[in-house]
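Notes for the one structure printed next.
The values are calculated or read from the model by the stated rules, or taken from the named source; none is laboratory data. Just so it is clear, the model here is predicted, and its values are computed rather than measured. A quick note on method: Cβ atoms are made from the backbone with ideal geometry, for glycine too, and the neighbour counts reach across all protein chains shown. In case anyone asks, the SASA skips ligands and DNA or RNA and just uses the protein heavy atoms, side chains included. Shrake-Rupley method; radii C 1.70, N 1.55, O 1.52, S 1.80 Å.
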Amino acid sequence: MMMVRRGLLAWISRVVVLLVLLCCVISVLYMLACTPKSDDEQLALPRANSPTGKEGYQAVLQEWEEQHRNYVSSLKRQIAQLKEELQERSEQLRNGQYQASDAAGLGLDRSPPEKTQADLLAFLHSQVDKAEVHAGVKLATEYAAVPFDSFTLQKVYQLETGLTRHPEEKPVRKDKRDELVEAIESALETLNNPAENSPNHRPYTASDFIEGIYRTERDKGTLYELTFKGDHKHEFKRLVLFRPFGPIMKVKKEKLNMANTLINVIVPLAKRVDKFRQFMQNFREMCIEQDGRVHLTVVYFGKEEINEVKGILENTSKAANFRNFTFIQLNGEFSRGKGLDVGARFWKGSNVLLFFCDVDIYFTSEFLNTCRLNTQPGKKVFYPVLFSQYNPGIIYGHHDAVPPLEQQLVIKKETGFWRDFGFGMTCQYRSDFINIGGFDLDIKGWGGEDVHLYRKYLHSNLIVVRTPVRGLFHLWHEKRCVDELSPEQYKMCMQSKAMNEASHGQLGMLVFRHEIEAHLRKQKQKTSSKKT
């Protein structure tokens with residue numbers, strides 16, 4: 001019985017091997033018969049028994065041309081099919097966007113979605129919910145905040161500079177320009193939607209666009225906040241858009257009226273009369289003459305030079321018919337945090353927008369509107385990144401004279417840098433400042449209190465808007481490193497001083513000044529020897 005089984009197994013094994021070999025032979029024959037001729041075979045020269053040379057070439061070329069036409073026709077059919085599929089997919093994405101907008105309360109059709117539309121809708125909602133669009137997200141440190149970039153129709157103001165990048169981008173890189181243009185066009189389409197406007201409303205165009213801010217969270221998408229001129233003076237239209245790594249979608253549409261939004265500019269001060277005089281010139285032009293919706297609070301420490309400061313305030317008040325200011329005098333050692341805290345709490349009127357400012361800051365009237373537009377009580381606080389000016393004596397050292405201040409304030413790589421490590425200039429409503437607990441009054445002197453406040457906002461549910469702004473400048477002043485500092489502190493102070501003096505290239509020119517002068521002398525000698 002065992003022998004029969006073994007014989008049967010051996011016979012079955014041989015049959016299987018023969019069948020496998022037979023299949024292999026059939027496959028090889030099939031491949032040889034069906035394999036298309038290669039290009040070399042198609043374009044081979046005529047053989048000896050083929051038609052004569054010229055006729056042979058023409059026949060081969062005609063045959064190749066016919067095959068090429070068939071191949072092109074096949075590609076065209078495939079392209080047409082792909083276009084149809086792409087159009088169907090685009091329609092599905094568009095329907096998904098409408099469904100998402102409808103669920104957000106924008107009044108669009110709520111037809112039951114298909115499976116793919118439902119999946120897309122769930123994805124869009126999850127991305128918007130995860131991103132910092134409707135509410136702030138608690139962050140552990142100031143380094144975790146994703147800053148915004150700001151932009152106009154012509155320029156993008158960016159923080160990621162480096163040695164080879166510029167604080168402003170113009171011309172804007174094509175892919176970024178196309179992205180921002182699409183966002184503006186999408187906003188204009190919404191603004192001009194007949195269903196959301198009266199029959200006689202004016203059409204909005206790109207010329208109505210004032211400025212926008214945007215930022216990308218790499219795992220969620222890109223948020224855009226676009227501001228347009230409104231229908232009346234001091235009115236604006238803002239659109240919030242979100243691109244969740246998919247179709248761009250409208251989140252909300254707002255009508256903003258800033259006509260009655262007062263800004264209380266709070267300036268802590270001790271001595272520095274000349275700087276205060278310069279500050280008041282800027283304040284008079286931008287706040288009093290151009291904007292007209294600003295209150296000034298000066299918190300002065302000590303009594304030294306207090307009369308000079310009061311005199312500057314009184315002269316401005318008389319010359320510009322300006323009474324909307326408060327002067328507070330405090331004793332004791334200067335504390336920036338205490339000065340700002342006292343100034344904010346001193347206000348007795350209704351909730352007011354606060355702008356914490358230093359005496360060596362220059363701002364434009366456009367910045368005041370930016371301050372208003374990026375704050376909202378109980379919702380948003382604004383931490384602009386200002387542009388810090390380099391030492392004019394170095395920047396314009398090769399000029400006959402240093403130009404006037406207004407001509408110096410140009411955002412270029414050679415004139416300054418984004419002060420992305422500073423958190424002192426900020427706009428926030430008084431109610432938010434009080435609710436968050438104000439400044440840490442245990443911090444003395446200058447610095448530290450601003451970062452502490454910034455961190456408290458990051459740890460809250462408020463949205464912290466941080467972006468470079470084109471209308472806020474830190475004016476250069478000499479930084480003194482006192483002898484009382486330890487060697488390590490003195491070294492850090494000198495490094496900070498060097499960074500504020502000039503750009504990397506300009507400091508390099510100073511380091512190699514003697515070599516450059518020696519080269520120029522040699523060139524002059526060569527030129528004079530050739531003439532003789």
**Request:** Write out the trypsin sites (Lys or Arg not before Pro) in region 295-390 meeting two conditions: DSSP loop, and at most 14 other Cβ atoms within 10 Å of their Cβ.
**Result:** Lys303, Arg323, Lys348, Lys379
**Prompt:** Which of the trypsin sites (Lys or Arg not before Pro) found in region 211-246 are in a DSSP loop and have at most 10 neighbouring Cβ atoms, other than their own, within 10 Å?
**Reply:** Arg218, Lys233
**Request:** Net charge near Tyr429: determine it from the other residues with C-beta under 11 Å of the C-beta of Tyr429, scoring Lys and Arg +1 and Asp and Glu -1.
**Result:** +3
**Request:** Return the subset of Lys155/Lys413; Lys233/Lys255; Lys250/Lys456; Lys252/Lys379; Lys253/Lys380 for which the Cα-Cα distance in this structure is over 22 Å, preserving the input order.
**Result:** Lys250/Lys456
**Prompt:** What are the trypsin sites (Lys or Arg not before Pro) within region 407-508 that DSSP puts in a loop, where the Cβ has at most 11 other Cβ atoms within 10 Å?
**Reply:** Arg480
**Asked** Any number yet on Rg/Rh for region 263-508, C-alpha, Kirkwood?
**Response** 0.95
**Request:** Return the carbon/sulfur percentage of the accessible area of region 263-508, one whole number, probe 1.4 Å, all protein chains in place.
**Result:** 50
**Prompt:** Given N residues in region 145-257, what is Rg(Cα) / (2.2 N^0.38 Å)?
**Reply:** 1.12
**Request:** Compute the FRET efficiency between His477 and His134 as 1/(1 + (r/R0)^6), taking r as their Cβ-Cβ distance and R0 = 35 Å, and round to the nearest 0.05.
**Result:** 0.25
**Message:** Give me the one-decimal Kirkwood hydrodynamic radius in Å for region 420-481, with the sum taken over alpha-carbon pairs.
**Reply:** 13.5
**Item:** Portion, in percent, of the accessible area of region 145-257 that falls on carbon or sulfur, probe 1.4 Å
**Value:** 52
**Complete:** Over region 356-408, the quotient of the Cα radius of gyration and 2.2 N^0.38 Å is 1.58
**Complete:** Summing +1 per Lys or Arg and -1 per Asp or Glu among the other residues with Cβ less than 12 Å from Phe356's Cβ gives -2
**Request:** Under a cut-off of 17 Å between alpha-carbon atoms, report the aspartates and glutamates in cross-link reach of Lys491, not counting same-chain residues fewer than 8 places apart.
**Result:** Glu478, Asp483, Glu501
**Prompt:** Considering only protein heavy atoms, what per residue accessible area in square angstrom results for region 263-508 with a 1.4 angstrom probe?
**Reply:** 44
**Prompt:** Local charge sum around Phe346 (other residues, Cβ-Cβ under 14 Å, Lys/Arg +1, Asp/Glu -1)?
**Reply:** +3
